[in-house]
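My questions all concern the structure below.
The values are calculated or read from the model by the stated rules, or taken from the named source; none is laboratory data. Model, not experiment: these values are computed from the prediction. Using ideal geometry, Cβ is built from the backbone for each residue, glycine included, and neighbour counts are taken over all protein chains shown. Just the protein is used for accessible areas: all its heavy atoms, side chains included, with ligands, DNA and RNA removed. Shrake-Rupley method; radii C 1.70, N 1.55, O 1.52, S 1.80 Å.
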Amino acid sequence: MLQKTISLDVPDSHDDHGASNTVLGFWVYLMTDCIIFASLFAVFAVMGQQFAGGPTGQSLFDIQGVALETAILLLSSITFGFGMLAAHKGKTNTLLAWLGITFLLGVAFIGLEIHEFSVLIAQGAGPGRSAFLSAFFTLVGTHGLHVTVGLVWMAILAVQVIGNKKLTQRDLTRLTCLSLFWHFLDIVWICVFTFVYLTSVV
């Protein structure tokens, strides 16, 4: 059976229409994710001062370490952008190189977040210690889970691109959706850094 492969060099109006619908549908999904994070931010706003006699964010949070996490995630957004530029030009090897760098930055971000959580728990400041810490672990942990899903998605797409040997319109659509997802997580993290960490240490 012959399988039709649509390269980026060959326009196909039907395929373009399908790609547009896919991206539009993914925007709808991101809106639902916005609602989830907005709810978690609202919970933190209510519980952010309920320490139950336990430690506060000012005594727990290492702003320098969190700033490093922030810089790493923002840098990964830039490298993903370079990867998308390469994808639109049909440069598969360049795309894969940028995806590899983005993946490593994402892994570094998750590694630092896991280290932060482990240090807090070792200090007796786990999610069960107070309402403040429950809200903190839930919000930051949910974001970290999303980043992990993004990394798995990125690895799968890289394998698919390698297997196809040539970028298809479907590959580009999937990369576009992942790009939206990744940049969305960057925006959410900026809100986390500002609203959760900075306001807690002031």
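Does segment 121-136 contain any residue that is open to solvent by 20 Å² or more (accessible area, probe 1.4 Å) and under 21 Å from C34 (Cβ atoms)?
Checked against the condition, which is being open to solvent by 20 Å² or more (accessible area, probe 1.4 Å) and under 21 Å from C34 (Cβ atoms), segment 121-136 yields no hits at all.
With the structure loaded, tell me whether E69 is open to solvent by less than 10 Å² (accessible area, probe 1.4 Å) and farther than 24 Å from G163 by Cα or whether it fails that test.
yes
Also: Determine whether L99 is part of a helix (DSSP H, G or I) and open to solvent by less than 60 Å² (accessible area, probe 1.4 Å).
Here the answer is yes, as L99 does meet what is asked.
Based on this model, can you work out whether D171 counts as open to solvent by less than 60 Å² (accessible area, probe 1.4 Å), out of contact with any His (no Cβ under 6 Å at 6 or more places or on another chain), at pLDDT below 95 and part of a helix (DSSP H, G or I)?
yes
Moving to a separate point now. Has segment 72-84 got at least one residue that is open to solvent by 30 Å² or more (accessible area, probe 1.4 Å), part of a helix (DSSP H, G or I), under 14 Å from L178 (Cα atoms) and among the hydrophobic types (A, V, I, L, M, F, W, C)?
Among the residues of segment 72-84, at least one is open to solvent by 30 Å² or more (accessible area, probe 1.4 Å), part of a helix (DSSP H, G or I), under 14 Å from L178 (Cα atoms) and among the hydrophobic types (A, V, I, L, M, F, W, C), which makes the answer yes.
So, one more: Would you confirm whether or not segment 102-116 contains a residue that is farther than 30 Å from T56 by Cα and open to solvent by less than 20 Å² (accessible area, probe 1.4 Å)?
Yes; the residues of segment 102-116 include at least one that is farther than 30 Å from T56 by Cα and open to solvent by less than 20 Å² (accessible area, probe 1.4 Å).
Condition test on V161, is it in a helix (DSSP H, G or I), in contact with a Ser or Thr (Cβ under 7 Å, 6 or more places away or on another chain) and surrounded by 16 or more Cβ atoms within 10 Å (Cβ to Cβ)?
Yes, satisfied.
Let me ask something else. If you check S59, S118, S39, S76, which single one turns out to be in contact (Cβ under 8 Å) with a residue 40 or more places away in the chain and of a type in the set (S, T, N, Q)?
Step by step, each of S59, S118, S39, S76 is checked, and only S76 is in contact (Cβ under 8 Å) with a residue 40 or more places away in the chain and of a type in the set (S, T, N, Q).
On to the next question. Here are some residues: F61, F51, F82, F26. Which one is more than 30 Å from Q123 (Cα to Cα) and modelled with pLDDT under 95?
Of the residues listed, the single one that is more than 30 Å from Q123 (Cα to Cα) and modelled with pLDDT under 95 is F26.
Within the set of pairs 6+ apart or on separate chains, which have a first residue in segment 159-180 that is more than 15 Å from G90 (Cβ to Cβ), a second that is assigned to a helix (DSSP H, G or I) and of a type in the set (V, I, T), and C-beta atoms under 7 Å apart?
Hits for this filter: C177/T22; C177/V23.
Got at least one residue in segment 177-189 being of a type in the set (D, E, K, R), surrounded by 14 or more Cβ atoms within 10 Å (Cβ to Cβ) and at pLDDT below 95?
No; the residues of segment 177-189 include none that is of a type in the set (D, E, K, R), surrounded by 14 or more Cβ atoms within 10 Å (Cβ to Cβ) and at pLDDT below 95.
Taking segment 85-96 on its own, how many of its residues are in a helix (DSSP H, G or I) and touching a residue at least 60 places away in the same chain (Cβ under 8 Å)? Write out each step before concluding.
We begin by selecting, within segment 85-96, every residue in a helix (DSSP H, G or I); these are 85-88, 92-96.
Next, from what is left, pick out any that are touching a residue at least 60 places away in the same chain (Cβ under 8 Å): 87-88, 92, 95-96.
Qualifying residue count, segment 85-96: 5.
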